[in-house]
Amino acid sequence: MNATGGQLTPVVRLRHASIGYGDLAVVRDLDFDLMPGEVVAVLGANGSGKSTLVRGILGLAQLQGGTLELFGIQANRFHDRARIGYVPQRHTAGSALPSTVREVVSSGRLPRLGWFHRLGATDRAAVERAVETVGLSDRMKTPVGELSGGQQRRVLIARALASEPDVLVMDEPTAGVDVSHQRSLAATLRRLADHRVTMLVVSHEIGPLVPMVTRAVVLQEGRKRYDGPLLSSMVGASDAVLEGAEHAHHPDEDHEDDVTPGWVADPRLGG
Amino acid sequence: MEILEFAFMQRALIAALLVGLTAPVVGTFLVQRRLALIGDGMGHVALSGVALGVLTSSSPVWTALIAAVAGAVLIELMRAYGRTSGDVALAVLFYGGIAGGVVLISMSPNGTPANLNSYLFGAITTTTTSDLVVFTVLAAVVLGSVLTLAPRLFAVSNDEEYARATGMNVLALNLLLAVLTAVTVVVSMRVVGLLLISALMIVPNAVAQLTSRSFRSTMVTAVVVGILTSVLGVTASYYTNTPSGGTIVSLTIAVFLLAALTTAFRRRLGARRDRGREYHPHEHGDDCGHPTVVHGDHVDFVHDGHRHAVHGGHYDEH
């Protein structure tokens, strides 16, 4: 079930990885590969370590044991951070002082530039493309704080896209966004998936993202309990169901009938 | 104008201009980082430096600069590596700075309550020609660094964790901002005084955020407010014989109150004008799920039994 064939270099490769903060290991002994073109959902209850996993990949939590490779390079020797687009878990993109959509998204372009370089024509074009991808081109000059929650999330996605990354790492991109905005957010992400952008998505509410997820990883208490196709039982699942995922096997046809959580039952699921 | 005939007033006005220009620029990033009070602490630390200068009869501007920059680096390192005790460690440093300053000044033969007051609250008569040269160079360093690195300082102030995830050297940028803040404290010490410096970094930005829609325009507006209030404040201080720092800051706060009232008033007017239109955060679109009706040259979205037509940034009832 893992797409490990061929000569492809994994975008992310973890072996026996322990990740945590200070002396505390939150994720333990984890093997994980993210291959180019994959859209992987990381699921798990609160405290299962899914955010820590993402933060470890980004260098925001410490790798305490094992190995982490990014694009085939040891993480501590990997400096081409512009290849990784990060959408943090934030409810808003707002800040103490007003800043426009253009200003916030432009800050995502900086990883492509040297210390003293300013944004040139190419960079401004990339910023504009990123904003266009998330459908906010008419809001370039709007202060981010005046946008709705869903639009602010899209600004954060555009900021990640501005460096033209090879992989998007998203922490709870749909949390706290109302249903109608979740749909346009999901449409944005689907467009990216159609362009073969590799994605790693940590989410409680996998619902709107179901159609594009190619693989699911379920964590429980810092350990991997499941790694395989997304099962319908995982969609909109309560923590209890996710904890039970270790017992799940490949999706059967008859699973399709028994779980219809919320509004996100998708016929493409489990197929 | 007669006040321009006095050399000390010319120096004070030039110093005020430099302060009004640099303090709000640094302050914009401090407010964005939610560190509005850090400049206050550096002013406290700088007082110890000033006192050492007075005690050893060397130039207090240089000793203040050394103390403030050292304090800034220490503060930033404590913030970066310290855990929960960092907050308390900052408090110790700040109060240590001011207590040490007061004690050292009183020990010095040249120290009087009057010149302590002028260091704390500013005085127009104290800026020397050599001070002015130093201030000009320091202000140029601050403005040059900030303008060169503005995009990066913005990224770090706006979302530190994101900046770190994208491989930016967050610690270096934070250290730089702290050092620039310390340098600004020293540029401001003659005219504004060490206890009130922070106000001129923060309050012009508080005014600017009321009227601005972007980070850049916030900074520009804050600089305009900063220059106007510091130059006018120094002038007023000459006529009213009050400490220049207190006068400048009172004036800045008056501007803030005026701006806040005007903004509130205009918002109310705006709200009245907009009655009858419906504003809500939901955005109609292709995939919003609301049924659509083609209505002449546009599309209405059916919403709770009535029809919404997109018109500018809002929806008209059709």
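The values are calculated or read from the model by the stated rules, or taken from the named source; none is laboratory data. Predicted model, so just to flag it, every value in this text is computed and none were measured. With ideal geometry, Cβ positions are generated from the backbone for all residues, glycine too; neighbour counts draw on all protein chains shown.
The table for this structure:
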quantity	calculated
Sole exception among (1) in a strand (DSSP E or B); (2) closer than 29 Å to B:Ala172 by Cα for A:Asp33, by number	(2)
Residue that is modelled with the lowest pLDDT [pool: residues in region A:88-101 that are more than 7 Å from every other protein chain (Cβ to nearest Cβ) and surrounded by fewer than 24 Cβ atoms within 10 Å (Cβ to Cβ)]	A:His91
Some residue of region B:168-178 being outside any helix (DSSP H, G or I) and within 27 Å of B:Met78 (Cβ to Cβ)	yes
Selected residue (criterion: surrounded by the most Cβ atoms within 10 Å (Cβ to Cβ)) from residues of region A:136-155 that are within 20 Å of A:Thr122 (Cα to Cα) and under 22 Å from the mean Cα position of the chain (by Cα)	A:Val155
Residue check, B:Pro60 crowded, with 18+ Cβ neighbours inside 10 Å and within 14 Å of chain A (Cβ to nearest Cβ)	no
Boolean, A:Gly56 is outside any strand (DSSP E or B), more than 8 Å from chain B (Cβ to nearest Cβ) and surrounded by fewer than 17 Cβ atoms within 10 Å (Cβ to Cβ)	no
Residue that is surrounded by the most Cβ atoms within 10 Å (Cβ to Cβ), among those in region A:23-40 that are over 29 Å from A:Asp194 (Cα atoms) and free of Cβ contacts under 8 Å to residues at least 40 places away in the same chain	A:Leu24
Test: residue in region B:180-192 that is under 16 Å from B:Phe94 (Cβ atoms) and surrounded by fewer than 24 Cβ atoms within 10 Å (Cβ to Cβ)	no
Flag for B:Ala163 being without any contact (Cβ under 8 Å) to a residue 12 or more places away in the chain and either assigned to a helix (DSSP H, G or I) or buried (at least 24 other Cβ atoms within 10 Å of the Cβ) (or both)	yes
Helices (runs of 4 or more DSSP H) wholly inside region B:17-125 containing at least 2 residues that are farther than 17 Å from B:Leu195 by Cα and modelled with pLDDT under 85	B:60-81, B:86-107
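Condition check ((1) more than 23 Å from B:Ser217 (Cβ to Cβ); (2) of a type in the set (Phe, Trp, Tyr); (3) within 14 Å of chain A (Cβ to nearest Cβ)) across all residues:
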| residue | (1), (2), (3) |
| --- | --- |
| B:Leu143 | no, no, no |
| B:Leu149 | no, no, yes |
| B:Val156 | no, no, yes |
| B:Val185 | yes, no, no |
| B:Met189 | yes, no, no |
| B:Ile197 | yes, no, no |
| B:Met201 | no, no, yes |
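Residues checked against (1) more than 21 Å from A:Arg159 (Cα to Cα); (2) modelled with pLDDT under 75; (3) touching a helix residue (DSSP H, G or I) at 6+ places or on another chain (Cβ under 6 Å):
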{"site": "A:His181", "(1), (2), (3)": "no, yes, yes"}
{"site": "A:Leu192", "(1), (2), (3)": "no, no, no"}
{"site": "A:Val197", "(1), (2), (3)": "no, no, no"}
{"site": "A:Arg215", "(1), (2), (3)": "yes, no, no"}
{"site": "A:Leu219", "(1), (2), (3)": "yes, no, yes"}
{"site": "A:Lys224", "(1), (2), (3)": "yes, no, no"}
{"site": "A:Gly228", "(1), (2), (3)": "yes, no, no"}
{"site": "A:Ser232", "(1), (2), (3)": "yes, no, yes"}
{"site": "A:Ser238", "(1), (2), (3)": "yes, yes, no"}
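Listed here are the residues, each with its yes/no results for (1) touching a residue at least 60 places away in the same chain (Cβ under 8 Å); (2) more than 30 Å from B:Met219 (Cα to Cα); (3) more than 8 Å from chain B (Cβ to nearest Cβ).
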{"position": "A:Val42", "(1), (2), (3)": "yes, yes, yes"}
{"position": "A:Gly49", "(1), (2), (3)": "yes, yes, yes"}
{"position": "A:Gln74", "(1), (2), (3)": "no, yes, yes"}
{"position": "A:Thr122", "(1), (2), (3)": "no, no, yes"}
